[in-house]
C-alpha cells in the first residue's frame with residue numbers, strides 16, 4: 001500500500017506518497033481517468049484504498065460513459081409519453097406502468113391533454129346522431145333524384161296544358177264568388193314564387209294586359225319589408241313604385257312562426273282590374289274541366 005504523508009503548509013493537507021506529492025498522484029489519477037479507467041482500476045493502479053483520498057484525487061473529473069449506470073426510469077418515461085399520446089389519462093398510465101402520478105406529470109406535462117372520454121350514454125347519443133345523419137343523407141338523395149326525374153317528365157308546356165294549369169291554379173288559390181258574398185273579380189295571393197310566375201304566364205296566355213294587373217305585398221311587420229318588395233317587383237318585372245301600399249301583419253311574440261329568416265318574403269297579391277267578366281269565364285272553365293273528368297251523369301259543377 002502506498003504511504004501518503006502529510007506536508008504542512010502546502011494547501012493539500014500535507015499529503016505525500018513516498019517521494020510523490022498529492023499533486024503528482026492527482027495528475028496520475030486524472031490521466032488514468034481520462035484514459036477511461038474506473039475508480040476501482042485507478043485505486044488498484046495507484047494503490048490508493050482510502051475513498052476520501054480517491055475522491056479528492058478525482059475531484060472535478062467526470063466518469064467515463066461506460067461506467068455510468070443507465071437511468072432505470074428512462075424507459076418508463078418514454079413509455080409514459082407514448083401512452084399519453086395515445087390518449088391515456090394519468091390514472092390509466094399509472095395502472096399501466098406502476099409509477100407515481102407526480103413522475104408521470106413531470107414526464108408528459110408538455111404533451112397535449114387527451115380529449116375527454118364520452119360516457120356510454122354520450123357515445124350512444126353520438127352514434128344515433130351519426131346514424132340519423134347517414135340515413136337522412138340517403139333520404140335527401142332519394143328525394144332529390146325523384147324530383148329531378150319527375151321534373152324531366154314535364155318537358156315544354158303547350159298552350160292547352162298551361163291554360164288548364166292556370167284555371168286549376170286560380171280555382172285552388174284565388175278568391176271565389178259566393179252567393180252570400182259576391183266577389184266577381186280576379187284576386188290571387190300566394191307566397192310561392194313559382195306559383196306567381198305560372199299565374200303571370202297564364203294571364204299573358206289568356207290576353208290580360210300587364211297594365212291591368214295591380215300588385216301588393218302582405219308580410220309580417222317584423223320582416224325586412226323593403227327587401228321583400230324589391231324581390232317581388234323583380235320577379236314580376238315591374239318597378240317597385242308601382243306596388244300598392246304593403247299590408248303589414250302585426251307580430252305576436254307569443255306565436256312561434258316558422259316563416260322567418262332572410263328567405264321569408266311574405267305573400268304577393270295580384271288584382272286584375274275590371275275583371276268581373278274574366279272571373280265568370282274562369283268559373284266556367286273550371287266547371288268544364290270538372291265535366292271533362294266526371295265519370296257520372298250528375299252535374300257536379302252547376303253554373
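The numbers here are math on the coordinates, done by the rules we state, and not lab data. Worth saying up front: this structure is predicted, and the values here are computed from it rather than measured. Heads up, the Cβs are rebuilt from the backbone with ideal geometry, glycines too, and the neighbour counts pull from every protein chain shown.
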Check your understanding: Label residue 179 and residue 210 with points 7 Å out from Cα along Cα→Cβ: what is the distance between them in nm?
Key -> 4.2
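Using the number of other C-beta atoms within 10 angstrom as an exposure proxy, rank 265, 56 with the fewest first.
Details: 265 21, 56 17.
Going from least to most buried by this count: 56, 265.
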Review point. Gain in length, residue 235 to residue 262, computed as 0.36 nm per residue apart minus the alpha-carbon separation, to one decimal in nm?
Key: 8.1 nm
Point to revise | Pair residue 139, residue 171: separation of 7 Å Cα→Cβ label points (nm) | key: 3.5
Check your understanding: At q = 0.12, 0.13, 0.16, 0.19 Å⁻¹, what base-10 log of I(q)/I(0) does the Debye formula yield for region 159-293 when every alpha carbon is treated as an equal point scatterer in vacuo?
Key -> -0.52, -0.61, -0.87, -1.12
